[in-house]
Amino acid sequence: MQPVATDPAGQTFSDQASGSQHFSTQSLGALAGIDPQKLAQLAQKIDLPALLNAASGMSAAQLGQLSGMLAGQGGGAAKKRELPAPNGDFYSVMDTLSDRQRDIASRVRRFMETEVAPIMNEYWQRDEFPQQLIPRMRDLNLMREIWNEDGSRTPDASVTEGIIIMEMCRIDVSTAVFFGVHAGLALASVALGGDEAQRAELIPRMLDMDLVGAFGLTEPEGGSQVSRGMHTTARRDGDTWVLNGEKKWIGNSTFADVTVIWARDVADDQVKGFLLRKGTLGFHVEKIQGKIALRLVENGHITLTDCRVQEADRLQNANSFRTTADVLRLTRAGVAWQGVGCAMGAYELALKYAQTRRQFGKKIGEFQLIQSHLVHMLGNLTAMQTMCLRLSGMEDAGQMRDEHAALAKVFTAARCRETVALARETFGGNGILLEYGVAKHFCDTEAIYSYEGTNEINTLVVGRAVSGLSAFV
Ligand code: FAD
């Protein structure tokens, strides 16, 4: 049996020496055509004397092939191989979508790559949301892919929204958060908590993005426990309500036209929703400064001081925290998809970097330890994608329960955190520079990890469901 060697690219070559074991004139001629510069480059990578020694025992045909290889003209192995383009959809998740959904995904991808990517680092540094993107998002008409005019959801809303969020986060998580707060939390509050008149007034304008929404639930002293300990109060006074309290972290609230504020009615102790219009007296928003994540999102610290809201602006069908929880349930799958998109972007950036960055005379992607990083990232990403696709399918079929969404949030946030860390590591020092892209994903993951239910709280939700035992204090 012939000895068979396998090169790292998987090609095999066996020694089928048949005739002459000596250099022929023809092969010597071919060797004379070798470019000395290329030879010098080759000498850095392989042991040339050992190669020549081996070559002395080769047949004329084999030498011809070798000389061609060295001259960069010959057979397959020496040809510059095209490296595969980074692709974060390893299990072809896109193939399972409808043509319409694929079209939406490619529209969002184009928008993100051509309109958001060129400006995002500048706005990251300015700690500001580029509001000029709002009319451009309106042109994409994404809202009506998810919502109908009457406030009901389109039949495949969860999967479609998930794909939109994934594509946005692949480039920039902040853009997806702006979109998610408006199209998810704020719009869902009106759709689920508003009466017919409120829905008719607000939903078409929110779908057109003529009117931007925000969602104010969290308080400085009430994060995870906000359902049990809401300090913001609402007191009815004839045809108006008087609101007092503070809300923290409220995305889009520095420029939103309508902010939904959740407050406890002092009369019956129930949580109710109120529509706070921009410019209302006693409604003050301060932009939170110094964030290390989602710097394009403008998070506000809201103070409500004897702020008067008309009864007509109280969400008429939101009479307890149950509605607030319904809104959060509707948006939680979307947050899990944020982790998918963020990990996808980081993985693709890291892979591209590994294919081009050179150290020790090789592309760093040729090092086994770097390949281990890439495969680890891809495994995480693929598991996250397929999990979220199933989760959203269940939501669209009306089968998703709280614990299903909570598990996806726990899993994707944790795997995303691990993935972006490996991606950042793959970039070495450049990984902490904004211009290389991965640092933004690395930082943004920290916000994903903590909002819409922290890891601990979502874990408790799943633990309670599977064990039948509540570990909540
Ligand atoms: P805390 O509740 O104080 O938690 C601190 C730590 O204690 C966490 O690790 C938590 O898991 C742990 N912990 C708490 N209780 C338990 C328990 N029972 N068992 C075990 N561990 C526990 N809110 C809005 O209303 N609207 C928004 O638009 C909005 N946007 C946001 C954007 C960003 C960037 C961020 C960071 C937050 C945003 N939030 C928003 C708020 C977000 O939902 C809260 O930060 C989140 O609910 C956690 O609350 P907290 O930060 O007060 O943490």
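Every read-out reported here was derived from the displayed coordinates using simple, explicitly stated rules and does not represent laboratory data. The structure displayed is predicted, hence computed values, not measured ones. Glycine also receives a Cβ, built like all others from the backbone with ideal geometry; neighbour counts cover every protein chain displayed.
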Residue separation between Arg205 and His231 times 0.36 nm, minus their alpha-carbon distance, gives in nm 6.2 nm
Determine the gain in length on full extension of the stretch Val473-Asn430; use 0.36 nm per residue of separation and subtract their C-alpha separation, reporting nm with one decimal.
11.1 nm
With a ≥ b ≥ c from the Cα gyration tensor eigenvalues, square-rooted, and the rule rounded for a/c under 1.5, otherwise prolate when a/b > b/c and oblate otherwise, the range 248-288 is prolate
Loop-resident sites, the range 292-386, for chymotrypsin sites (Phe, Trp or Tyr not before Pro), counting at most 12 other Cβ within 10 Å (DSSP)
Phe360
What residues have an amide H closer than 5 Å to that of Trp147, excluding those fewer than 5 places away on the same chain, when H is modeled at 1.01 Å from N in the peptide plane?
Thr154
Among 169-177, 84-92, what's the highest-first ranking by average C-beta atoms within 10 angstrom per residue?
169-177, 84-92
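Is the shape of the range 118-262 best called rounded, prolate or oblate, per the rule: a/c under 1.5 gives rounded, else a/b larger than b/c gives prolate, else oblate, with a ≥ b ≥ c the square roots of the Cα gyration tensor eigenvalues?
Details: a/c = 1.84, a/b = 1.28, b/c = 1.43.
Oblate shape, in that a/c is at least 1.5 and b/c is the bigger or equal ratio.
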How do 191-199, 121-129, 427-435 rank on mean C-beta neighbours within 10 Å, highest first?
191-199, 121-129, 427-435
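Could you give the Stokes-Einstein D for the range 305-448 in µm² per second, using the C-alpha Kirkwood radius, 4 °C, 1.567 mPa s? Could you put the intermediate results ahead of the total?
Working: Rh = 17.2 Å.
Translational D for this selection: 75 µm²/s.
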Express in whole angstrom the spacing between the alpha-carbon centres of the range 408-473 and the range 258-272.
31 Å
Residues of the range 268-282 with backbone N under 12 Å of the label point set 7 Å from the Cα of Arg308 along Cα→Cβ are 281-282
Sorted by Cβ neighbour density within 10 Å, fewest at the top, the residues Arg100, Arg153:
Arg100, Arg153
Would you work out which of Leu469, Gly393, Leu434 lies farthest towards the positive end of the dipole of the range 352-473? Charges go on Cβ: Lys and Arg +1, Asp and Glu -1.
Leu434
